[in-house]
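The structure under discussion appears below in the form of structure tokens.
Each value in this text was obtained by applying a stated rule to the coordinates, not by laboratory testing. What you see is a predicted model, and the numbers here were worked out from it, not measured in a lab. For neighbour counting, all protein chains shown are included, and Cβ atoms are generated from backbone atoms with ideal geometry for every residue, glycine included.
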Amino acid sequence: MARINLRPWREERDARLQKRFVGNLATAAVLGALTVFGISYYYDMQMDRQQVRNNYVRAEISNLDKKIAEIRELKRQRERLLERLNAIQELQGNRPVIVRNFDELVRVLPDGLYYSSLSRTGDRIAIDGLAELNNDVSTLMRNLNSSVWFGEPSLSRVTAANQMRNFNLSVPLAKPKAEEAKK
């Protein structure tokens, strides 16, 4: 029988397979490291992009907050201006009412009765006066009550002195509608 020495061939083959295995292992390690690095780089890049987007959104929110604050301030200014305008319009509208009230006070005044003082507190007029008869005070109260410019009068006192009657009454002011005021 012939003897064939297969050892060097097997050893060479084993060495070649060993080198191929180590080469494949190194290649797989490098590819794995590149894959991990690539994925890590991709996620970092995505996170940076998202951070840029977040910063942009924060900046826009900050701008919008400033604009909202400006709008609120403008609304406050507008409300103050509207209040002033309403106050001015009310004063302008009430200016002829006072004249009309005094005119009406003269119209409802019966003969034999005199006003000694008139004072206005809010929407009420306090009247102090002199009358010859108690009927004159009653007539004044009826006339005030029937006027569209006054409410129901309230008599607080009547005192007699030197054939004259001192009286004190108060009457609320009324704001009639335009149709009633023209009558």
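Taking a straight Cα-Cα cut-off under 19 Å and skipping sequence neighbours fewer than 8 places away in the same chain, the aspartates and glutamates within cross-link reach of residue 75 are 65, 83. Taking a straight line from the alpha carbon of residue 67, these aspartates and glutamates sit under 20 Å away, with near neighbours fewer than eight places off in the same chain left out: 79.
Note down the magnitude of the dipole of the stretch 57-109 about its Cα centre, charges +1 on Lys and Arg C-beta and -1 on Asp and Glu C-beta and zero elsewhere, to the nearest 20 debye. Before the final figure, lay out the partial values.
Numbers: 12 positive and 9 negative charges, 31 e Å.
The calculated dipole for the stretch 57-109 is roughly 140 debye.
Using only side-chain charges placed at the Cβ, +1 for Lys and Arg and -1 for Asp and Glu, the dipole size of the stretch 89-181 relative to its Cα centre rounds to 160 debye.
Seen against the Cα atoms of the chain and their longest principal axis, helix 7-107 is set at about 10 degrees.
Converting the Cα gyration tensor eigenvalues of the chain into ellipsoid dimensions via √(5λ) gives semi-axes, longest first, of 114, 15, 12 Å. The charge dipole of the chain, taken about its Cα centre with unit charges on the Cβ of Lys, Arg, Asp and Glu (plus for the first two, minus for the last two), comes to roughly 1680 debye. In the stretch 89-181, inverting the average of 1/r over every pair of distinct C-alpha atoms gives 13.7 Å as the Kirkwood radius. Normalised by 2.2 N^0.38 Å, where N is the number of residues, the C-alpha radius of gyration of the stretch 1-54 stands at 2.35. The sum of -39500 (n - 2.57) across all DSSP H runs of n ≥ 4, divided by the residue count of the chain, sets its helix-only mean residue ellipticity at 222 nm to -24000 deg cm²/dmol. Mind checking which aspartates and glutamates have their Cα closer than 15 Å to the Cα of residue 175? Skip sequence neighbours fewer than 8 apart in that chain. Candidates past the 8-residue exclusion: 90, 103, 104, 123, 152.
Rounded to the nearest 10 degrees, the angle from helix 134-146 to the longest Cα principal axis of the chain is 30 degrees. Farthest towards the positive end of the charge dipole of the chain, among the residues 27, 69, 167, is the Cα of 27, using unit charges on the Cβ of Lys, Arg, Asp and Glu.
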